[in-house]
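Just so you know, all these numbers are worked out from the coordinates, no wet-lab data involved. All values derive from a computational prediction rather than experimental measurement. Positions of Cβ are generated from backbone atoms using ideal geometry, with glycine treated the same way; all protein chains shown enter the neighbour counts.
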Amino acid sequence: MKNLFVIILFSILSINTNGQEKIEIGTNITSISDYMSEMPFVDLMHSSREWMTSNYCWISGGENIWNTEYYEQIPKDENGYPFSLPFYHAEAETLQAIHTIWASIDAWPAGEYTFLYDGDGDFTFSGSLVQATKEPGKIIFNLEEGIQETGNFSFKIVRSDSNDHVRNIRLLMPGTLQTYESMPFHNAWFNKLEDFKVIRFMDWGHTNNWGNNYSWECFDDDTDTIKTSWDERSKLSNYTWTTNKGVPYEIMIDLCNKLNSDMWICVPHSASDDYISQLATLLKENLNPSLKIYVEYSNETWNWMFGQTQWLNKFGCENKGLQWPEGIVPYIQNCMNIFSNVFSNEMDRIVRVVGVQAAWLDVSKRIVFNMRENSFDAFAPAAYFALSSNADSVLDTLGSSTTVDDIVKKIRSEIESN
């Protein structure tokens, strides 16, 4: 079976090199972070680190802590922007401001960056970008060639007027000021995805431990049984998309529509029935109807390193007196049922996927065989493959002379060695 897979992969890649059609294979895309080397968005604010708090000015002899962790206590709008700054906190050594950072900018191209914002406020900036011009609502920075590898960039909002608070911040890559709204994706990144038939948004959706930063936060008290409402999803207007809710579904849809690629969506483990129904409706109404939607409940619900597995075990199995993994089946079944209801008159548009564990057949059988007959279309055994850093570096040494055969041989050796 392993050899057969490699042969199929080779033929698919060969077809692609002739430019005839997309390769019949999908790819995951990585999660969003302030230190990522991928550049998916031309508005870099989407990949900024979540707001941190700190002293609005330097206190001589003070602690001047990098992150005083008071952000959650600041009154803010629905998109995460404080209504007023600086902010008073009784336990802080002085008034508090908020700041963010991009810890690594090694992939940022040299050129002119445009910082836009609505409202009235003051900022301080630090890092490799050099301020060139400034006017209300707009600041221009330059990034010189050759300093990105060791560089970073950060800014602090030290004042935000309560009558017109700072909001809607954008940091636009060179040459994108006129196009960032119609084309939010960086062309170099976008072009790398064009050949793939399916885009899987597991990491973009922060599926693992969804809504929490760590696995143990998913089930630390009985209130975790409360299902997540649709209003709690990631939204287009949120100040950053690096939170534990991931990238907005609207952006995933837009990417697939522009790529003309099928969409693989992972539904959060704690999503309410209304959340799942609203998500299915959003996809039905906005994704190009010629594109397939692969729908999967969560991700690797059998994998104990993830919070969703432990959440399902506690609330779906232990609290209900059911065995694992049988106790997780109702959650998967419910998700498939809701999508089936929403797409009842267009079932050819969706592929209902049940995640299983390739290395543990018994677990896979006990999940699949307990699903209602004809309620799903496929199962996915976590059949990922990739190039190791060592294999990747070998191919890098070949440079532009690298061939498809070289890549396939390396992939074959990676599969056989694992």
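In table form, for the structure just shown:
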| item | result |
| --- | --- |
| Estimated distance in nm for a label pair at W189 and N64, the labels positioned 7 Å out from Cα along Cα-to-Cβ | 3.3 |
| Residue-by-residue Karplus 3J(HN,Hα) for the stretch 22-33, coefficients 6.51, -1.76, 1.60, Hz, glycine and proline x | 5, 6, 7, 8, x, 9, 7, 10, 6, 5, 8, 8 |
| Karplus 3J(HN,Hα) series, Hz, for the stretch 97-103 with 6.51 cos²θ - 1.76 cosθ + 1.60 (x for Gly, Pro) | 10, 10, 8, 9, 8, 10, 6 |
| 5 angstrom amide H check on D203, placed H, neighbours 5+ away | I29 |
| Pair-distance profile P(r), taking every C-alpha pair of the stretch 194-380, with 10 angstrom steps and integer % | 9, 38, 38, 14, 1 |
| Projected label distance in nm at K409 and N345, using a 7 Å step from Cα toward the beta-carbon | 5.6 |
| Built amide H within the under 5 Å cut-off of I25, gap 5+ | K197, V198 |
| Exposure proxy order (Cβ contacts within 10 Å, fewest to most) of R159, R233 | R159, R233 |
| Residue with peak Gaussian network fluctuation, the chain [Cα springs, cutoff 10 Å], from F87, F379, F123 | F123 |
| Set of lysines with alpha-carbon distance to K138 below 20 Å, sequence-local pairs under 8 removed | K156 |
| Cα centroid separation, the stretch 342-418 to the stretch 60-129 (Å) | 41 |
| Amide H partners (placed H, <5 Å) of F185, local residues excluded | V42 |
| Neighbour-count order for I25, I338, I59, I98, fewest beta carbons within 10 angstrom listed first | I59, I25, I338, I98 |
| Sum of -39500 (n - 2.57) over DSSP H runs of 4+, divided by residues of the chain (222 nm, nearest 500) | -7500 deg cm²/dmol |
| Simple spin-label estimate for K134 and A386 in nanometres, 7 Å along Cα-Cβ | 4.1 |
| Ranked V394, V267, V198, criterion: other C-beta atoms within 10 Å, fewest first | V394, V198, V267 |
| Selected from R349, R200, R372 as most flexible by GNM, with the chain as the system and alpha-carbon contacts under 10 Å | R372 |
| Eligible lysines near K227 by straight Cα distance, threshold 19 Å, same-chain separation 8 or greater | K235, K245, K314, K320 |
| Nearby lysines by direct alpha-carbon distance to K410 (threshold 26 angstrom, same-chain neighbours under 8 apart not counted) | K2, K22, K192, K197 |
| Choice from H206, H89, H186 with maximal GNM fluctuation in the chain (Cα, 10 Å cutoff) | H89 |
